[in-house]
Structure formats: C-alpha cells, structure tokens
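The next block holds one structure in the form of structure tokens; read it before the comments.
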Amino acid sequence: MSHPSNIVHCTGPGDPHALDGISRRHRSGDLDKPCPECGGYGQWNVQIDLVSHRSIRHACPKCDGRGWIKTGDDMVPSHDIARSEAGHPMWTVRLDPSDDRE
C-alpha cells in the first residue's frame with residue numbers, strides 16, 4: 001500500500017525546503033568561516049518528501065560536506081586507505097593543507 005507523498009526537487013541550497021531537517025555543522029577550527037555555498041550546513045536535500053520527511057541529500061562540493069572553509073593554517077582531515085606493515089589495506093585519516101582558502 002502506498003502512502004501519500006509530496007516530493008519536492010531542489011537544485012541547490014537556496015531552494016525552498018533544501019535545508020529542511022538539516023542542522024548546521026559544528027565549527028572545527030578557530031579561523032573557520034561558514035561555506036559560502038551551503039551556509040555552514042555541509043549538505044542539502046535534492047529530494048524531500050514533505051509528507052514523510054524522507055530525503056535524498058547532496059554533500060556540498062565547495063566544503064566537501066564540512067560546512068566550513070578553512071581560512072587559517074588548520075589542516076583538513078581526509079579519509080584515505082593505506083597499507084599496514086603486513087601489507088593489508090586499512091582506513092586512515094591524513095591531514096592536508098586546505099585548498100579552499102579565500
């Protein structure tokens with residue numbers, strides 16, 4: 001049995017309902033500023049059902065879903081796969097300089 005739905009499609013963070021149900025991301029560095037594209041949310045809804053509130057979300061390409069842009073010398077964490085000493089793949093987090101300085 002299907003349920004009633006009212007699906008809305010959003011093309012960006014400025015659309016109505018694009019940020020429904022999404023909290024602003026917490027700041028992680030002293031000199032960070034909100035991302036100019038997503039406004040600090042890190043993602044937005046590309047589809048949302050206004051009846052059930054289910055949504056499909058898109059990570060912001062400007063801040064990689066962090067919601068904040070690095071303005072100082074803070075390093076940015078990036079997930080990666082590296083080889084262990086035994087030669088097996090393992091998840092790791094590396095710190096890189098930000099490429100989003102404005």
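Has region 79-86 got at least one residue that is free of Cβ contacts under 8 Å to residues at least 60 places away in the same chain, surrounded by 18 or more Cβ atoms within 10 Å (Cβ to Cβ) and under 19 Å from the mean Cα position of the chain (by Cα)? No, that holds for no residue. Consider region 87-102 and keep the residues that are loosely packed, with under 10 Cβ neighbours inside 10 Å and either of a type in the set (Val, Ile, Thr) or modelled with pLDDT of 90 or more (or both). The one that is farthest from the chain's Cα centre (by Cα) is GLY87.
Restricting attention to region 21-44, the residues being within 19 Å of ASP74 (Cβ to Cβ), surrounded by fewer than 14 Cβ atoms within 10 Å (Cβ to Cβ) and modelled with pLDDT of 90 or more number 1.
Here HIS53 meets the list (1) closer than 26 Å to PRO97 by Cα; (2) out of contact with any Leu (no Cβ under 8 Å at 6 or more places or on another chain); (3) part of a loop (DSSP other than H, G, I, E, B); (4) not β-branched (Val, Ile, Thr) almost entirely, failing just condition (1). The lone criterion from (1) in a loop (DSSP other than H, G, I, E, B); (2) farther than 21 Å from ASP96 by Cα left unmet by ASN45 is number (1). A count restricted to region 56-88 and to residues that are in a loop (DSSP other than H, G, I, E, B), touching a Phe, Trp or Tyr at 6+ places or on another chain (Cβ under 8 Å) and either more than 18 Å from CYS38 (Cβ to Cβ) or not small (Gly, Ala, Ser) (or both) stands at 1.
The values are calculated or read from the model by the stated rules, or taken from the named source; none is laboratory data. The shown structure was predicted, so the numbers you read here are calculated from the model rather than taken from an experiment. With ideal geometry, Cβ positions are generated from the backbone for all residues, glycine too; neighbour counts draw on all protein chains shown.
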